[in-house]
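Inspection log for the structure reproduced underneath, given as structure tokens.
The values are calculated or read from the model by the stated rules, or taken from the named source; none is laboratory data. In this text the structure is predicted, and so the values were computed from the model without any measurement. Here Cβ is always computed from backbone atoms with ideal geometry, including for glycine, and neighbour counts include all displayed protein chains.
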Amino acid sequence: MKQIVNFLHIVLLGGILLLAGCSSVPGANRSIAQSTSKSSLDEKFRGDYTSALQNLEAKEYAEASNRLNKIVASNPGFVDGWANLALAQLKTNDIPRAKQSAANALQLEPQSATLENLLGLIDVEDGAYKTAEKHYSRALELNPNLANAHYNLALLNDIYYQNVARAIQHYERYLALINNTDPDTEAWVAELKRKLK
């Protein structure tokens, strides 16, 4: 079971990084905060921010964290910086700082489903499953079509709560929302359905 949890956790975090598509910063990847920050990034930090995102993609989380710490220190209203810093801190297992960075981002952008989802991931890593569930549910209140939040709620119900019926609902909603196929999740849902019979 631990291997499944680890594999699925990697998939979840990979999904967050996949949200780093286009950019509010020319030539940089879009952050998980979807570039709706309250203040823009000072021009002199754009190169550093691009490098930090490249560090994240290369799984150089400590380096990304160092760069992002410097960026948010000088740009405290930059939501994307805080959100990606939280992700880097989560990946280095610095849970208290990841929570604080994500909370800083959410304070700047309180209606962000993606940030609520990120806080849920951090809480799962911290073993705070009920709090994680609240964040995922809030994410879906803000955006009922956020596929990753459905997937994360499915995992929570499947692995931690062992509520298979509810897990299947969220897995199926996730599968309906994604733009591509996910054969592993499809096979897992079929297996769960067989177990329910």
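Annotations for the structure displayed:
- Hey, Ala176 more than 21 Å from the chain's Cα centre (by Cα), surrounded by fewer than 16 Cβ atoms within 10 Å (Cβ to Cβ) and of a type in the set (A, V, I, L, M) or not: no
- The listed residue being in contact (Cβ under 8 Å) with a residue 12 or more places away in the chain, in contact with a Gly (Cβ under 6 Å, 6 or more places away or on another chain) and among the hydrophobic types (A, V, I, L, M, F, W, C), out of Ala167, Ala132: Ala132
- Of the candidates Asn145, Asn163, Asn157, Asn104, the single residue that is at negative phi and touching a Lys or Arg at 6+ places or on another chain (Cβ under 8 Å) is Asn157.
- Checked against (1) outside the structural domain of Gln89 (by TED's automatic domain parsing); (2) under 22 Å from Ser65 (Cβ atoms); (3) under 15 Å from the mean Cα position of the chain (by Cα), Leu156 passes all but a single condition, namely (2).
- Qualifying position, being touching a Ser or Thr at 6+ places or on another chain (Cβ under 9 Å), over 21 Å from Gly127 (Cα atoms), surrounded by fewer than 21 Cβ atoms within 10 Å (Cβ to Cβ) and among the charged types (D, E, K, R), among Lys44, Lys70, Lys59: Lys44
- Within segment 109-131, being within 18 Å of Ala88 (Cβ to Cβ) and among the aliphatic types (A, V, I, L, M) holds for Leu115, Leu118, Leu119, Leu121, Ile122, Val124.
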